[in-house]
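Trainee: Quick one: this structure, given as structure tokens, is what I'll be asking you about.
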Amino acid sequence: MSETTQPIITLTNQKGGVGKTTTAAALIDGMRRRGAHVLAVDCDAQGSLSSIQRPWIVDGTCSTSDFIKGRDIIPTKDGQATVPAFEDLVLIDQEPGVTVFSLKKAIEKALEKYGFDCAVIDTHPDKQFCAISALVAATYIIIPTTADRFGIEGIKQSVDFISDVSEIGGNDWSGRIGALVTLFKTFTLLHEQIYGQLKEQLPSQRIKLFSQRIANNIQIARAQAEGISIYESQTVFHG
């Protein structure tokens, strides 16, 4: 486990389309609105989080690829920072000297140097180098999931992946993994039933289930399209 006292939160799921990046952006924005200085790291070469977090990307700051290779970031005047991802990230494991511990070292260095209160990492739904690196760096893990059969399958696959990575990095996330239900349809019987199943089953896997669920709300898509925070739109939470 990382020696840093600031939390490093990685969002992961082996299934796509579960609202992972949206959740990451909401988490980052929510903490900033509470006065926290947040280091956001986009570990998905598609760069979706980078697009959402563009106001906090300073001209001249390094990309995630360069960050992993040891280059320094440039925070905003308000002490925030987003490290943007580009397509070259898929080849980062071929760079000399780069290991699955490189991202962890880079984040810990930035946390200490710039005094960030926490770091949040968004990942791609795969089992490749960047996803492994993001988990190795994590002190906490959030698994966004949908309340359906595919969501349950995604949690199982993600837990298996997390277990494999724990052996690689020597991490112990006991009590530090949480599942968050997204795209939740209020008053839909199936979603309520599956949420109930998760509530019963996940504790045995040492996974906490967030009581609050993110609703399947058109305001989320609208906020993304308009480039504004979901907190500037109507309430998108349930429970």
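The values are calculated or read from the model by the stated rules, or taken from the named source; none is laboratory data. Remember, predicted model here, so these are calculated numbers, not experimental data. FYI the Cβ positions are ideal-geometry reconstructions off the backbone, even for glycines, and counts take in every protein chain you see. Accessible surface areas use protein heavy atoms only, side chains included; no ligands, DNA or RNA. Shrake-Rupley method; radii C 1.70, N 1.55, O 1.52, S 1.80 Å.
Trainee: Kindly evaluate T182 against the criterion of being at pLDDT below 90, under 16 Å from the mean Cα position of the chain (by Cα), buried (at least 21 other Cβ atoms within 10 Å of the Cβ) and over 23 Å from P7 (Cα atoms).
Mentor: Taking the combined requirement at face value, the residue does not satisfy it.
Trainee: Would you check which residues across region 195-215 are open to solvent by 30 Å² or more (accessible area, probe 1.4 Å), over 16 Å from S174 (Cβ atoms) and touching a strand residue (DSSP E or B) at 6+ places or on another chain (Cβ under 8 Å) and list them?
Mentor: Hits for region 195-215 are K199, F210, Q212.
Trainee: Condition first: modelled with pLDDT of 85 or more and either of a type outside the set (A, V, I, L, M, F, W, C) or under 30 Å from F101 (Cβ atoms) (or both). Now tell me which residues in region 185-204 satisfy that.
Mentor: Of everything in region 185-204, those that are modelled with pLDDT of 85 or more and either of a type outside the set (A, V, I, L, M, F, W, C) or under 30 Å from F101 (Cβ atoms) (or both) turn out to be H191, E192, Q193, Y195, G196, Q197, K199, E200, Q201, L202, P203, S204.
Trainee: Among the residues of region 107-121, are any at pLDDT below 95 and surrounded by fewer than 21 Cβ atoms within 10 Å (Cβ to Cβ)?
Mentor: no
Trainee: Right, here's the next one. Which pairs turn up if I take residues in region 188-205 that are closer than 14 Å to R149 by Cα and look for partners that are among the hydrophobic types (A, V, I, L, M, F, W, C) and in a helix (DSSP H, G or I) with beta carbon separation below 8 Å, at least 6 apart in sequence or on another chain?
Mentor: Note: pairs meeting the criteria are I194/I152; Q197/I152; L198/I152; L198/I155.
Trainee: Show me the helices (runs of 4 or more DSSP H) found entirely inside region 1-70 where at least 2 residues are open to solvent by less than 50 Å² (accessible area, probe 1.4 Å) and within 30 Å of K185 (Cα to Cα). Before the answer, list the steps.
Mentor: Values: elements: 20-33, 48-52, 64-68.
Hits in region 1-70: 20-33, 48-52.
Trainee: All but one of (1) open to solvent by 20 Å² or more (accessible area, probe 1.4 Å); (2) in contact (Cβ under 8 Å) with a residue 40 or more places away in the chain hold for G175; state the number of the condition that does not hold.
Mentor: (2)
Trainee: Then there's this: Return the residues of region 38-55 that are among the charged types (D, E, K, R) and under 12 Å from the mean Cα position of the chain (by Cα); say none if nothing qualifies. First the steps, then the outcome.
Mentor: Looking only at region 38-55, we keep the residues that are among the charged types (D, E, K, R), and these are 42, 44, 54.
Of everything in region 38-55, those that are among the charged types (D, E, K, R) and under 12 Å from the mean Cα position of the chain (by Cα) turn out to be D42, D44.
Trainee: Another question, if that's okay. Could you check region 71-104 and list, in sequence order, the residues that are more than 18 Å from H124 (Cβ to Cβ), β-branched (V, I, T) and either surrounded by 20 or more Cβ atoms within 10 Å (Cβ to Cβ) or touching a residue at least 40 places away in the same chain (Cβ under 8 Å) (or both)?
Mentor: I73
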